[in-house]
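Here, each number is a calculation from the coordinates, and none is a lab measurement. A quick note: this is a predicted structure, and the numbers were derived from the prediction, not measured. Virtual Cβ from ideal backbone geometry, glycine too; neighbours counted across all protein chains shown.
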Amino acid sequence: MRAASVTRGGAVAQIGPDGDLTFSGYASLFNVADLSGDMLLPGAFRRSIGRRGALGIKMLYQHDPTIILGQWLQIEEDAKGLKVTGQFASGVAKAVEVMSLVQAGILDGLSIGFRTVSARTDAKSGIRRVAEVDLWEVSIVTFPMLPGARITASGGEAKGQSLTESFSKAARHLRAEAGRGDARDGARGRVPMGRLAVASRGWTPHLSP
């Protein structure tokens, strides 16, 4: 089966042959101040990406280090900003929940967690121009600090299949995988990871674009 994809507003949602959802969009935009007054400059992510690679940067939900939704397949800078392409992990219960929200067009924000390496604050405007960061993670979030950092969740047709139909197919696949995983965990007397609620301590990400 060929992959189905939809492009809208600079972001792409795509269903691969195995039913997993991949998507791409911008987690940060260059030379645009976020709601906290941070402005990422071109080149800010280059060293960090080169050092960690896409797989070394986590895909989290709402910046919670205990909730990993999948993996980033590609993270790169272009003229516009930080472009990311990710894939939800099949069999992760939380991914099914997030998929449902994305499918409904309710959840579409992207946000980054990082440590600032080099930055300077403009005394007149108060804008902090960030020249280099150590990028730890990119999260799918409800309220991105940079309003333009988004993925897409609705609209368009691709290869005769609507985006809603594509998401539905992927969601059914993930639910089936999660159900099989829960059954296996139950047989072993374990609590499925997707059902755990663990408080994070001692780790506070910088909520930014």
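Shown in residue order for segment 62-73 are the 3J(HN,Hα) couplings computed by the Karplus curve 6.51 cos²θ - 1.76 cosθ + 1.60 at θ = phi - 60°: 6, 6, 8, x, 8, 10, 9, 8, x, 9, 8, 7 Hz (x for Gly and Pro). Using 0.36 nm per residue and subtracting the Cα-Cα separation, the extra length available between Val32 and Asp64 on full extension is 9.0 nm. A Cβ-based charge dipole, computed about the Cα centre of segment 52-151 with Lys and Arg at +1 and Asp and Glu at -1, lands at about 260 debye.
Each other residue within a Cβ distance under 15 Å of Gly126 adds +1 if Lys or Arg and -1 if Asp or Glu, for a net charge of +1. Modelled spin-label separation between Phe143 and Lys80, with each label point placed 7 Å from Cα along the Cα-to-Cβ direction: 2.6 nm. Dividing the convex hull volume of the alpha carbon atoms of segment 98-140 by its residue count gives 79 Å³ per residue.
Subtracting the Cα-Cα distance of Leu73 and Leu101 from 0.36 nm times their residue separation leaves 7.9 nm of extension gain. If you take all other residues with their beta carbon under 11 Å from the beta carbon of Ala33, and give Lys and Arg +1 and Asp and Glu -1, the sum is -1.
Note on segment 39-118: dipole from Cβ charges, positive end direction compared against Phe45, Val96, Ile67; the farthest Cα belongs to Phe45.
Sorting 82-95, 107-120, 47-60 by average packing, meaning the other beta carbons within 10 Å per residue, from highest down gives 82-95, 107-120, 47-60.
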